[in-house]
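Structure first, then comments.
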Amino acid sequence: MIPKTAATFFFIFLLAACGTPDEKTGKPGDTSAAGNDAASQAERDYYRHDTLLHPVDPPEVVYKYDTLSFRYDMDVLYDPDEFMSKLQRSYERKGKCITAEQKNDSVLCAAHYQNYRGAYRRMKDADTLLATYAFPEEARIVERCDLTSYVPDRAVVLWLKNPKVCAFPDEQYSCPTATSGNGFFQGLSYLSLLDTRGKRIINTVPLTFDDYTEADEKNRAYCDVEPLNAIPFSIGNAEKGFESPAYVPYHVSGGTRYEEGLAVLLFPDDYNGDGKKMEFAFYRQTSCASCRSTVFGYSIMQDRLLHYSVYLKNIETRIVSDSILQDVFYFEELRWIGPVFRQPMTNGHTREEADFRGRGGDYVITDVWFNSTLERFEGVRDTRDPDEK
């Protein structure tokens with residue numbers, strides 16, 4: 001006969017061994033090991049559809065990726081170390097961003113990191129200007145250029161509203177990438193003229209591509225590989241022999257044949273022929289055959305920053321009747337024109353010739369000069385076939 005005390009302990013042992021139904025099934029909300037395992041597995045199954053597990057992290061640690069390109073869209077400004085960390089997470093699966101030894105890659109992640117650090121440093125150095133000059137709360141200044149070599153107390157800044165950081169370190173250059181680079185800020189961008197003595201903004205001019213508006217900006221996705229409204233910070237350096245299917249017109253600090261350098265967009269030059277380097281050219285490579293350019297500059301006469309227009313006379317040949325060809329002309333005023341501003345003005349004008357006849361187009365000759373009285377560019381664009389003139 002089993003003693004009464006022993007029977008009691010045996011009964012308690014059986015209850016502990018069997019457990020409760022919840023502990024066996026691992027219902028949500030329990031704290032048992034079985035329940036945690038089930039929840040972790042369910043979470044992994046959920047994320048597996050639209051994410052990639054980081055190859056060196058524990059299985060339960062996941063990062064959101066674009067599963068087609070392993071691209072990480074950076075939607076806010078980061079500290080450079082955090083920026084590099086995110087690039088590593090995005091590209092380690094492809095072997096990028098780990099070393100700077102891969103000289104066969106057209107763009108190396110190490111260069112992106114250094115270029116972003118340079119761009120970030122420029123922004124941090126300009127942060128004090130935001131409050132001093134009462135910029136909008138969402139503004140970030142990405143570049144500054146002083147004009148004190150020619151006029152006292154004047155500076156130009158390039159700034160964006162809520163800039164997004166976009167980087168594609170292993171993306172091969174397409175033609176439009178020649179003016180956006182593989183690392184760029186995206187967002188509505190502006191140029192402002194500052195009175196550095198009076199601590200005020202004299203005027204602000206939007207930096208937009210043709211009729212690009214704020215509504216267009218809100219309706220488009222950020223971090224497109226070939227964006228219309230991009231401010232590059234990491235871009236190829238043509239002077240270093242960087243390989244690109246289209247010419248890279250921007251000035252670049254550093255870089256090599258394989259690595260991008262730090263873009264310098266506010267690079268002053270003399271585009272209006274007055275002998276003073278107070279103009280800035282911007283570019284958009286819309287296709288392999290088409291690069292658009294525009295010029296902003298400081299007007300001493302108006303003490304304002306201007307987005308210069310080009311008053312253009314177009315000459316072309318048209319079929320009027322019965323296959324009879326006739327030369328006709330018309331006028332238009334543009335902000336963005338062909339690639340005539342890739343070089344500063346020489347001998348009072350700048351000239352560009354492009355032969356598109358092999359692509360079903362025209363032989364285009366554009367000759368542009370500056371009207372200092374009206375403070376605008378003027379010119380002639382002739383699309384007549386030179387062999388038939």
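The values are calculated or read from the model by the stated rules, or taken from the named source; none is laboratory data. From a predicted model like this one, the values you see are computed outputs, not experimental measurements. Methodologically, a virtual Cβ is constructed for each residue, glycine included, from the backbone with ideal geometry; neighbour enumeration extends over all protein chains shown.
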For the range 334-348, which positions are in contact (Cβ under 8 Å) with a residue 60 or more places away in the chain and either more than 12 Å from Ala281 (Cβ to Cβ) or surrounded by 17 or more Cβ atoms within 10 Å (Cβ to Cβ) (or both)? Arg335, Trp336, Pro339, Phe341, Met345, Gly348
Selection within the range 225-239 - touching a strand residue (DSSP E or B) at 6+ places or on another chain (Cβ under 6 Å), part of a loop (DSSP other than H, G, I, E, B) and modelled with pLDDT under 90: Pro227
Filter the range 118-167 for residues that are of a type in the set (Phe, Trp, Tyr) and out of contact with any strand residue (DSSP E or B) (no Cβ under 7 Å at 6 or more places or on another chain); the one that is modelled with the highest pLDDT is Tyr150
Inter-residue pairs, beta-carbon under 8 Å, first under 14 Å from His251 (Cβ atoms) and in the range 112-124, second surrounded by fewer than 19 Cβ atoms within 10 Å (Cβ to Cβ) and hydroxyl-bearing (Ser, Thr, Tyr), 6+ apart: Gly118/Ser253
Go through (1) over 20 Å from His251 (Cα atoms); (2) touching an Asp or Glu at 6+ places or on another chain (Cβ under 7 Å) and name the single condition Gly198 misses. (2)
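Yes/no matrix, rows are residues, columns are (1) surrounded by 21 or more Cβ atoms within 10 Å (Cβ to Cβ); (2) of a type outside the set (Ser, Thr, Tyr):
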residue	(1), (2)
Tyr116	yes, no
Arg122	no, yes
Asp125	no, yes
Arg144	no, yes
Leu158	yes, yes
Pro163	yes, yes
Thr179	yes, no
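Determine which member of the set Phe267, Phe280, Phe242 is of a type in the set (Phe, Trp, Tyr) and assigned to a strand (DSSP E or B).
Exactly one of Phe267, Phe280, Phe242 is of a type in the set (Phe, Trp, Tyr) and assigned to a strand (DSSP E or B), namely Phe280.
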Any residue at all in the range 356-365 that is loosely packed, with under 11 Cβ neighbours inside 10 Å, outside any strand (DSSP E or B) and free of Cβ contacts under 8 Å to residues at least 12 places away in the same chain? yes
